[in-house]
Each structure stands twice: as structure tokens, then as C-alpha cells.
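Beneath this line is the structure, given in C-alpha cells, with notes to follow.
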Amino acid sequence: MTTRFDRLLNGPIRQLLDDADALIVSEPQNVFLVSDVVPPTLRLLPERLLMPVFHTSAEPFWVIADITEDVIRRQSRHISEQVVYVEYRESPIEALVDALKQRGLPHQRILVEKNHLSAGYHEELAGSLPGVTIDDATPALHEMRSVKSPEEQQQLQRRANATLRALAACYAETRIGDTEKEIRQLAIQKLFAEGFDTLEFVTLARGRGDLLNGVAGDTPLQRGDMLRVDMGGTLGGWRSDIHRTAVAGTPPPRLRDAWRRNREVHYAAMDTMRAGRPVRETYATCVREYERRGMRCDMPFVGHSLGVGQHEFPVLTPFAPEEYKSGMVVMLEPMGIDPDNGGFSIEDMILVTDGDPVVLSDAVETEEMIVIGE
């Protein structure tokens with residue numbers, strides 16, 4: 001079976017190196033993407049550059065801090081050669097430049113991640129390589145992340161459904177009167193019980209459900225409140241990000257009706273997510289279909305791709321330039337505001353195909369809101 005490393009190395013990375021001397025990867029998510037290595041401290045210490053480097057005429061190699069030498073050697077199955085710098089004494093850029101000069105710079109052009117490499121490091125790199133053009137590899141790496149292989153689709157589906165199981169377990173144990181902070185802590189416990197390595201975020205909306213990215217407080221859950229916990233973690237380098245909406249006590253007919261209208265819009269939007277269709281059509285559909293049902297959509301986007309990063313491209317905005325491609329995995333999460341009842345939202349992981357879109361987040365159904373008991 002062809003690995004992701006081989007697929008990228010012999011495909012898009014090789015194409016980038018047709019007219020460049022080296023591709024230097026530094027963003028933590030992209031380090032995992034191109035190497036299959038998850039450096040444990042890379043996001044905590046962004047100044048500690050750990051860089052897989054792909055050279056036009058030499059084998060790929062690492063530029064790493066001395067403290068990470070052993071762990072990288074154990075984790076790295078595809079790249080064996082290491083260029084090691086002594087952290088806090090030697091500059092990672094100096095080590096990189098020396099390694100590039102040793103291997104040659106016939107094109108006088110290298111590619112770096114300008115969205116990640118700090119201004120200071122970029123200035124040091126440019127000053128150490130006079131006459132060498134330094135171009136941005138960010139768009140190319142985003143493109144590499146946009147379509148997932150079948151195995152990667154399965155990895156993401158497992159994490160989405162594991163997060164849904166954590167949310168379902170949290171809601172099953174939550175009772176009216178529990179505080180927002182207590183509910184948040186319970187959700188986190190359930191996520192780690194599913195085996196996640198890290199918690200990336202958790203937000204909570206209680207009451208009318210129309211608050212985005214809410215912070216948990218000491219307010220207790222009251223009968224009739226809606227509750228939406230949105231949560232995501234990382235397991236083995238791949239992310240999750242999903243929410244489900246619950247209601248405290250049996251929902252009255254007005255909430256059931258608003259939920260039904262929201263689901264109709266959700267599925268109308270999903271139907272636009274087909275290979276070859278414009279991404280921006282999904283946003284336009286949400287706005288139009290919510291208005292037809294007496295609701296409004298105020299969100300700046302209604303979804304985003306997910307993978308090694310949290311918000312990958314495409315992002316479902318009204319001005320998204322992309323078209324959907326088969327193999328994209330996209331989180332669809334429109335929110336409709338009902339003036340009388342608040343905000344209603346479903347988030348699903350959708351696989352784009354050449355035919356009908358496929359719901360990957362199928363561990364907890366969305367026919368009705370989850371009911372929280374006494």
C-alpha cells in the first residue's frame with residue numbers, strides 16, 4: 001500500500017522541486033502531514049523549529065533540536081537523516097542554511113511556510129542566503145491537505161464518532177441544575193476516555209443557543225435551556241471538531257418545530273456538497289433556505305475542512321473560490337437564528353464524492369435534539 005509520505009513525495013512535493021532547491025516544512029500540522037511524526041512539544045514551543053526538509057537532489061532530512069533527537073529517531077519511519085542543532089546555543093536557521101549549502105542550491109530558490117516561520121527567522125534565513133529567492137509554500141501545502149485518502153477519511157471518521165460518543169455520554173450524565181463549568185469538565189473527561197491525546201478546544205452555549213464560542217461559567221442549566229457543547233481533540237495527529245445540541249427537559253412543540261426547520265436547511269446545504277460544485281453555493285443555500293423558513297443565518301462561514309489542522313480549506317464562506325473535490329472531508333455547521341426561540345445548529349462530517357455526499361459523523365443521530373433529564 002502506498003503511504004501518504006510516498007504519495008506526497010512522488011507527487012506534489014516532487015513537482016514543487018522541479019524549479020526549487022528545497023521545501024522546508026515547519027508548521028506543526030504540516031510536519032505531521034509530510035513525515036507522519038507528531039513532535040510532542042512542537043506546538044508548545046514554536047521557536048523550537050523541527051523541520052523536515054525535501055531537497056531537489058538529496059534525500060529528505062530533518063533539522064531538529066538536540067533535545068528531540070531520540071524521539072524523532074524513534075518516530076520517523078520515512079526520514080532517517082538528521083541535522084541537529086544545540087537548542088539555546090545554536091540557531092536552527094544556521095543549521096538549516098549549512099545543510100542546504102552542503103547539498104547545493106543550483107536553482108537559487110527555496111520554499112518555506114511564510115504563514116508559520118516567524119519574521120525574525122525569515123530575516124535570518126534571507127540574510128544568510130543572499131541571492132536566493134525565498135517563496136511561500138503555504139498554498140501548496142494547503143492544497144496537499146484538501147483531499148483525503150480513503151484511509152485518512154476513516155481516521156477522521158473514527159475521531160468524529162469518538163467525540164460524538166463523548167458528547168452523548170456527557171449529556172447522559174448531565175442533570176438540570178449542573179453548572180456550565182461542571183458540564184464542560186464532564187465533556188473533557190469523556191473525550192479523554194475515548195483515547196484522545198490532546199484537547200484542542202471546548203466551547204459551550206446554554207440558554208437560547210445563539211452564542212458562538214461561549215465560555216463556561218457558574219450558571220446552572222435550567223429546564224427549557226438548550227445546550228450545545230462543541231469540542232475537538234487530536235489523536236495520532238488527526239483532529240476532531242463536532243457538536244450536538246441538547247435541551248433540558250422535554251422540548252415544547254415550538255422548539256421541535258424550529259429544530260425540524262433547521263434540519264431541513266442542514267440537509268439542503270449538504271446536497272450542494274458534490275464534486276465539481278462551487279463551495280460558495282453551500283453558504284448561499286443556507287442563507288436562502290433559512291430565510292424561507294423564517295430564520296436567519298448570521299455566520300461568516302457555515303463549515304470548513306478538517307484534517308491535520310482545525311480549519312483547513314475549503315472554508316464554506318460566501319466568497320470561497322474553490323470547487324468541491326471528491327475525497328474532501330468537510331465539517332458542515334450552519335446555524336439558523338429563530339427570532340422567538342434562539343439558535344439551532346447541527347454539525348456533521350461530510351465526505352464529498354462524485355455522487356451523493358456521505359455523512360461520516362453517524363454515531364449520534366440528529367432527528368431530534370438530545371433530551372437532558374432531571
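Springs join every pair of Cα atoms under 10 Å in this Gaussian network model of the chain, and among VAL132, VAL229, VAL31 the largest mean-square fluctuation is at VAL132.
Given a 1.4 Å probe and heavy atoms of the protein chains only, how would you sort LYS190, LYS114, largest accessible area at the top? List each step's numbers first, then the result.
Details: LYS190 50, LYS114 95 Å².
Largest to smallest exposure gives the sequence LYS114, LYS190.
Tell me the relative contact order for the range 65-219 as a rounded percent, counting alpha carbon contacts under 8 Å between residues six or more apart. It comes to 14 percent, rounded to a whole number.
Of all beta bridges that DSSP places with both ends in the range 1-150, some 35 percent have antiparallel geometry. Annotation for the range 1-105: chymotrypsin sites (Phe, Trp or Tyr not before Pro) lying in DSSP loop with at most 11 further Cβ atoms inside 10 Å of their Cβ are TYR88.
Can you give the helix-only mean residue ellipticity at 222 nm for the chain, where every DSSP H stretch with n ≥ 4 adds -39500 (n - 2.57) and the sum goes over all residues, rounded to the nearest 500 deg cm²/dmol?
Working: 10 runs with 120 residues, N = 374.
So the helix-based figure for the chain works out to -10000 deg cm²/dmol.
The residues of the range 1-95 expose, per residue, 46 Å² of accessible area to a 1.4 Å probe.
Could you calculate, for the range 107-234, the ratio of the Cα radius of gyration to the Kirkwood radius, expressed as Rg to Rh?
Working: Rg = 21.7 Å, Rh = 18.1 Å.
Over the Cα atoms of the range 107-234, Rg/Rh equals 1.20.
Here the range 158-258 exposes an accessible surface that is 49 percent carbon and sulfur, computed with a 1.4 Å probe and the other protein chains kept in place.
Accessible area per residue for the range 196-279 is 38 Å², calculated with a 1.4 Å probe on protein heavy atoms, without ligands, DNA or RNA.
Taking θ as phi - 60° and the Karplus parameters 6.51, -1.76 and 1.60, the scalar couplings of the range 281-286 work out to 4, 5, 5, 4, 5, 4 Hz in sequence order, x denoting glycine and proline.
For the range 1-136, the share of accessible area belonging to carbon and sulfur comes to 49 percent (1.4 Å probe, ligands and nucleic acids excluded). Over the range 174-329, Cα pairs under 8 Å with separation of 6+ residues give a relative contact order of 18 percent.
Indicate, rounded to the nearest 5 percent, the antiparallel portion of the DSSP beta bridges found entirely in the chain.
Numbers: 41 of 55 bridges.
That works out to approximately 75 percent antiparallel.
Counting lysine pairs in the chain that sit 8 or more residues apart in sequence, or on different chains, and whose Cα atoms lie under 24 Å apart gives 4. Shown in residue order for the range 26-34 are the 3J(HN,Hα) couplings computed by the Karplus curve 6.51 cos²θ - 1.76 cosθ + 1.60 at θ = phi - 60°: 9, 5, x, 5, 6, 4, 5, 3, 8 Hz (x for Gly and Pro).
Please give the helix 92-103 orientation as an angle from the longest Cα principal axis of the chain, in degrees from 0 to 90, rounded to the nearest 10. Its long axis makes an angle of about 50 degrees.
Is the range 20-120 best put as rounded, prolate or oblate by its Cα gyration tensor, with a ≥ b ≥ c the root eigenvalues, rounded for a/c under 1.5, and otherwise prolate when a/b is larger than b/c, oblate when not? Could you put the intermediate results ahead of the total?
Working: a/c = 1.40, a/b = 1.28, b/c = 1.09.
Rounded, because the longest to shortest axis ratio a/c is under 1.5.
Within the range 221-312, the trypsin sites (Lys or Arg not before Pro) that combine a DSSP coil assignment with at most 12 other C-beta atoms in a 10 angstrom radius are ARG223. Of the residues GLY249, GLY343, GLY233, the one that moves most in a GNM of the chain with alpha-carbon contacts below 10 Å is GLY249.
In the range 41-179, the convex hull through the Cα atoms has an average projected area of 12.7 nm², a quarter of its surface area.
The values are calculated or read from the model by the stated rules, or taken from the named source; none is laboratory data. All figures in this text were calculated on a predicted structure; none of them were measured in a lab. Using ideal geometry, Cβ is built from the backbone for each residue, glycine included, and neighbour counts are taken over all protein chains shown. Only protein heavy atoms, including side chains, enter the accessible area calculation; ligands, DNA and RNA are left aside. Shrake-Rupley method; radii C 1.70, N 1.55, O 1.52, S 1.80 Å.
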